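One structure below.
The values are calculated or read from the model by the stated rules, or taken from the named source; none is laboratory data. Since we're looking at a predicted model, the values are computed, not measured. All Cβ positions, glycine included, derive from the backbone under ideal geometry; neighbour counts span all protein chains shown. Surface accessibility is based on the protein's heavy atoms, side chains included, excluding ligands, DNA and RNA. Shrake-Rupley method; radii C 1.70, N 1.55, O 1.52, S 1.80 Å.
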Amino acid sequence: MIQPLNTYFPSNPMMQKLKSGMIQTLCLVMLLSVNFNLYAQTYGKNGMVVSDNVLASEVGIDILKKGGNAIDASVATAFALAVTHPEAGNIGGGGFIVFMDSAGIVTTIDFREKAPLKATPDMFKDASGKLIEGSNHETIKAVGVPGTVAGLYLTHQKYGKLPWRELVQPAVDLAKNGFPMTWGLYRVALNMSVLDPSFDIMANYFRNASGEIVQPGEIWTQPALANTLALIRDKGQDGFYRGEVAEEIEAYMKAKGGIITKEDLEKYTAVERKPVKGTYKGYDIYSMPPPSSGGVALIEMMNLMEQADLQTIEFNSTAYVHLVAEAMRRAFADRAEHLGDPDFNPDMPIDRLTSKEFAKKRFDNIDMEKASLSDSSKFGQLYDGSSTTHFSVVDKAGNAVSLTYTLENSYGVGMGSSKLGFIFNNEMGDFNPEAGITNSSGQVGSNPNLIAPEKRMLSSMTPTIVAKDGKPHLIIGSPGGRTIINTVFQTVLNVLEYNMRIDKAIEAMKIHHQWLPDRLMYERHLMSPDTRDALEKMGHKLYGVNNLGVLMGITYDPVLKIYVGAADSSSDDGAAVGY
Ligand code: GLY
């Protein structure tokens with residue numbers, strides 16, 4: 001029989017203190033057992049999924065529990081995110097996977113979108129040759145040939161374990177049966193309802209059968225998306241790139257003035273590529289090669305930081321922020337000048353840019369007293385879409401996946417066939433729009449990233465795995481357009497150099513410099529006024545923002561043999577789930 005607690009604790013002060021301690025411990029144990037999300041870090045002995053949406057993380061964990069490997073869990077999580085995190089989770093966009101298997105072999109899968117066959121270098125210009133503002137981001141011609149389904153399919157064919165159907169089914173269920181509308185999605189739905197009605201799919205996207213916007217907590221179903229996902233489940237890659245989905249994509253494009261055809265879809269292939277590799281003080285860093293610029297820039301900056309005596313520079317002091325910003329400025333200048341799709345630019349100097357000698361030269365010309373100038377007569381970069389999503393996965397055997405994929409802008413181009421239920425990307429905006437035009441506002445005109453049919457546009461996505469002794473030590477990535485490279489860079493540095501817990505490394509102040517425009521972005525609530533003033537005196541042009549990065553990371557504790565995961569607190573619905 002259960003006695004009232006007081007009967008076990010006589011009323012002397014010592015016993016009462018013990019009682020209150022036990023009650024607190026009991027409450028803590030109960031809370032921990034029902035809610036994985038109460039604490040910034042999450043632990044797992046057998047595996048971990050950290051994504052921008054808790055339901056998608058749980059889908060991945062369920063697959064691991066069924067005996068799937070990290071690739072299986074990633075495929076299932078990616079499809080689930082296309083339903084539960086439609087701002088960036090997608091089947092209408094593209095992305096990259098970095099995969100380290102349990103033997104320590106690392107490979108990557110490139111499923112970046114491609115320019116359609118009818119694309120031309122001048123497609124976003126008017127008859128007089130002038131760039132039509134916004135046309136490379138806000139019109140149906142901004143859509144690149146989607147790569148996500150092909151990328152997930154190829155990855156599964158090569159490295160998956162469970163049947164494909166079992167990995168797509170959870171997403172079909174989520175779309176068909178629905179899930180409770182979250183406040184994060186609801187806020188977007190309210191914003192979208194006042195958007196331009198030409199964003200056809202968005203106008204009805206978040207509405208229920210009575211035409212009302214689905215309220216927080218109300219079940220939101222997506223029957224058209226469920227049908228499209230069921231075709232992908234049953235037919236694999238062909239369920240998207242051939243047959244009725246491909247027919248409808250072509251018909252929709254034709255009706256709206258787009259240029260993607262069935263031929264584009266049939267010809268699309270994802271590609272396996274060798275990762276870029278760097279080292280930092282005994283760690284091996286693996287990341288995405290071109291057509292992402294992320295890995296090359298990350299390794300260049302890590303090499304540069306290795307040159308500095310960081311023991312003598314206080315973390316986040318003026319000198320530290322200056323040094324990090326100067327590293328960024330240089331890496332972004334090199335990115336602008338040299339990088340593009342490797343299938344069109346076979347001679348990119350990747351080995352040089354990622355070498356220790358090059359970093360030494362780059363480090364030696366940093367003046368620790370004053371900011372360098374970004375010279376717009378050479379090269380620079382535009383900002384690009386900040387809505388992408390990253391997730392990190394690891395399984396019991398030590399297979400690790402770092403996956404970032406995107407629609408470019410939040411909800412991509414905002415258009416898509418309501419018969420298919422998904423939104424198209426607006427990734428064509430990641431190409432350089434005008435040959436030879438590079439200016440201080442940030443437009444770049446270098447050759448490697450000009451538009452050509454079937455070319456992949458340069459990306460900043462930086463899915464990364466850091467290994468120690470051939471085992472994954474850190475799995476990390478983020479959305480954020482060009483800020484991705486820098487938020488991943490700083491988080492990697494925080495873990496490797498400062499041995500920070502993953503949640504602290506993610507939450508610590510981030511800055512961003514991308515050469516052009518010449519300004520230093522910083523998280524305004526995290527930088528002291530003194531540091532800001534001192535940086536301004538050195539010549540930096542400061543620009544405060546509320547947030548940089550939505551990082552999703554996992555670290556491995558080799559002593560305790562546990563995985564430790566954390567989702568950035570700036571994610572509305574993100575969660576690390578371990579088991
Ligand atoms: N769309 C963002 C990127 O690929 O960098």
Selected from SER51, TYR205, LEU231, residue furthest toward positive end of dipole (the chain; charges at beta carbon): SER51
Which of ALA331, PHE344, ALA319, positive extreme of dipole for the range 319-359 (C-beta unit charges): ALA319
Overall form of the chain per C-alpha gyration tensor (a/c, 1.5; a/b vs b/c): oblate
Value of [θ]222 nm, deg cm²/dmol, for the chain, DSSP H segments ≥ 4, -39500 (n - 2.57) each, nearest 500: -11000 deg cm²/dmol
Helical segments meeting 27 Å axial Cα length and Kyte-Doolittle 1.0 threshold in the chain (DSSP H): 13-34
Cα-centre dipole for the chain with unit charges at Cβ (Lys and Arg positive, Asp and Glu negative), debye to 20: 1020 debye
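Measuring with a 1.4 Å probe in the full set of protein chains, what accessible area per residue, in whole Å², belongs to the chain?
Values: 22760 Å² over 579 residues.
With all protein chains present, the chain gives 39 Å² per residue.
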Residue-by-residue Karplus 3J(HN,Hα) for the range 263-275, coefficients 6.51, -1.76, 1.60, Hz, glycine and proline x: 4, 4, 5, 4, 7, 5, 9, 8, 10, 8, 10, 6, x
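What percent does the relative contact order of the chain come to when contacts are Cα pairs within less than 8 Å and at least six residues apart? Could the numbers behind the result be given before it?
On the way: 1372 pairs, mean separation 134.5, N = 579.
RCO, the chain: 23 percent.
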Top positive-direction residue, dipole computed over the range 122-184 with Cβ charges, set TRP164, GLY151, GLY134: TRP164
Stretch gain in nm, segment GLU212-LYS274, where the contour uses 0.36 nm per residue and the Cα spacing is subtracted: 17.5 nm
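In nm, what is the difference between 0.36 nm times the number of residues separating ARG519 and MET368 and their Cα-Cα distance? Write out the running numbers ahead of the final one.
Values: separation 151, 0.36 × 151 = 54.36 nm, distance 1.73 nm.
This chain segment gains 52.6 nm when fully extended.
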Residue-by-residue Karplus 3J(HN,Hα) for the range 558-566, coefficients 6.51, -1.76, 1.60, Hz, glycine and proline x: x, 6, 7, 6, 10, 8, 10, x, 8
Contour excess over end-to-end distance, with Cα ends at LYS125 and LYS561 and 0.36 nm allotted per residue: 151.3 nm
Proximal lysines to LYS114, defined as alpha-carbon separation beneath 21 angstrom and excluding residues fewer than eight positions away on the same chain: LYS125, LYS141, LYS254, LYS256, LYS262, LYS267, LYS274, LYS455
Student exercise, the range 124-185 dipole from Lys, Arg, Asp, Glu Cβ charges, in Debye to nearest 20: 240 debye
